[in-house]
Amino acid sequence: MATILQIETATQVCSAALSVNGETIALKELAAQNIHAGSLTLFIEEVMEKAGVSYTDLDAVAVSSGPGSYTGLRIGVSTAKGICFAVDKPLIGISTLRMMAKGFLTLFPDYTGLVCPMIDARRMEVFTGLYDASLQEILPVTAKIIDEHAYEEELASGQITFIGDGALKCSDSILSVNAAFSSLNFNSAANMSSLADQAFNSVHFEDVAYFEPYYLKDFVITPAKKKV
């Protein structure tokens, strides 16, 4: 029976959850700007206390591994690694986009189309991938600029539902009748539960010392417009 602490910080959502045997038993999350550094450890403590679980009771720690916000991912991964080091538990990395697609497919189990999770990467660029209803990867994770020709071939063959904080901004560009858009939040640590349990049972662990988030793009510092 695997008890796993789960952390998601790849977007503006700060989320912590606990699962047992792939089922979420406690969840705390909030969507707001720049709250991860100050709130994540508090959220973790809250779900641990709510579930009556101590850190030594954990079997593993799972963390959303990207792509996504550079700062958010660093906070989530460094927190997860710190807990793993402190209590000598294995680390599980979960693809953020795959986690989002899993959340959508869990909420809509009869859906038969494709799922396209999108994370806002500024302007008309998104971090994205494409999955079928069995969570098989149809197109690999990439940073993609969305225009009126995006996903033309795939949309000609059937329905695609676009999800995530990058999806709605693309709705004016992707105009196919086969395109649907969801405003629901799927960046939740609760959506890791079954994926983390599968990884645990298959002993798919990360190297705690060397594991890094999948940023997809280099971090770029924007120069200040005003000189001091």
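The values are calculated or read from the model by the stated rules, or taken from the named source; none is laboratory data. Computed from a prediction, not measured in an experiment: that's the story for all the values here. Methodologically, a virtual Cβ is constructed for each residue, glycine included, from the backbone with ideal geometry; neighbour enumeration extends over all protein chains shown.
At-a-glance table
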| read-out | value |
| --- | --- |
| Residues that are surrounded by 17 or more Cβ atoms within 10 Å (Cβ to Cβ) and farther than 22 Å from His36 by Cβ, drawn from segment 147-166 | Ala150, Tyr151, Glu154, Leu155, Ile160, Thr161, Phe162 |
| In segment 15-46, the residues that are within 28 Å of Ser202 (Cβ to Cβ) and touching a residue at least 40 places away in the same chain (Cβ under 8 Å) | Ser15, Ala16, Ala17, Ser19, Asn21, Gly22, Glu23, Thr24, Leu27, Glu29 |
| Those residues of segment 151-172 which are in a loop (DSSP other than H, G, I, E, B), at pLDDT 95 or above and out of contact with any Phe, Trp or Tyr (no Cβ under 8 Å at 6 or more places or on another chain), in sequence order | Tyr151, Gly158, Gln159 |
| Odd one out for Gly82 among (1) in a helix (DSSP H, G or I); (2) in contact (Cβ under 8 Å) with a residue 60 or more places away in the chain | (2) |
| Which numbered condition Gly76 misses (of (1) in contact with a strand residue (DSSP E or B) (Cβ under 7 Å, 6 or more places away or on another chain); (2) part of a helix (DSSP H, G or I); (3) surrounded by fewer than 20 Cβ atoms within 10 Å (Cβ to Cβ)) | (3) |
| Segment 63-73: number of residues that are under 15 Å from Tyr210 (Cα atoms) and in a loop (DSSP other than H, G, I, E, B) | 1 |
